[in-house]
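See below for the structure under consideration.
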Amino acid sequence: MDVGIGIYSDIEAESKVRLIVKAESCLKNYFKDRDYGPDIKNITIGFICERDQPGFEKFSEKRKPQYSSRRKVETIMGEPVEDIHNHFSYSVKFDEASYELFVQSSDIQSLSLIAAELIEGLSNFDKLPKKVKNFDVAKFKADMVELLNGLASS
């Protein structure tokens, strides 16, 4: 299984992005040889780490969870780059108070906030479409929580 994080950040949070990259590296390594069923093989989490700007809130709002059984990724010129099968994506975002803590805290505290946001984001798996029948959601969530709690305490 492939688990990745797409990071959207503003200048204020830029110095902490490396911690989200560290979390993604841990997720990739942990899940690369695990299998929870054939219906989900790729998971992408959009991590929105930016302060809402008046009038621009819609550009940084959380996106709805999406599942696709097949998705083609192409270059601007239309050349195929990748063919992704059984992909689930969703996004997470700090609220204003958590964002403030994230940018002002120590790296250990910021990692804990990242882990907490990723754990909270697991609720998106409750919104999987009915056609996703062969995926052990409970086991995946339990493994993710265990990994992220370990990350937060390291």
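The values are calculated or read from the model by the stated rules, or taken from the named source; none is laboratory data. Computed from a prediction, not measured in an experiment: that's the story for all the values here. FYI the Cβ positions are ideal-geometry reconstructions off the backbone, even for glycines, and counts take in every protein chain you see.
Values as computed for the structure displayed
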{"quantity": "Selection within segment 1-42 - within 17 Å of Leu111 (Cα to Cα), touching a residue at least 60 places away in the same chain (Cβ under 8 Å) and among the basic types (Lys, Arg)", "calculated": "Lys16, Lys22"}
{"quantity": "First in segment 115-128 and within 17 Å of Glu61 (Cβ to Cβ) and at pLDDT below 95, second anywhere and of a type in the set (S, T, N, Q) and surrounded by fewer than 19 Cβ atoms within 10 Å (Cβ to Cβ), Cβ under 7 Å, 6 or more apart", "calculated": "none"}
{"quantity": "Test for Lys93: is it of a type outside the set (S, T, N, Q) and either closer than 15 Å to Ser9 by Cβ or touching a strand residue (DSSP E or B) at 6+ places or on another chain (Cβ under 9 Å) (or both)", "calculated": "yes"}
{"quantity": "Residue within segment 103-114 that is at pLDDT 95 or above and farther than 23 Å from Lys22 by Cβ present", "calculated": "no"}
{"quantity": "Verdict on Ile108 being in a helix (DSSP H, G or I), among the aliphatic types (A, V, I, L, M) and over 18 Å from the mean Cα position of the chain (by Cα)", "calculated": "yes"}
{"quantity": "Any hit, segment 136-150, residues being surrounded by 17 or more Cβ atoms within 10 Å (Cβ to Cβ) and either touching a Lys or Arg at 6+ places or on another chain (Cβ under 7 Å) or more than 22 Å from Lys64 (Cβ to Cβ) (or both)", "calculated": "yes"}
{"quantity": "Some residue of segment 22-29 being out of contact with any helix residue (DSSP H, G or I) (no Cβ under 6 Å at 6 or more places or on another chain), closer than 29 Å to Glu100 by Cα, of a type in the set (Asp, Glu) and modelled with pLDDT under 95", "calculated": "no"}
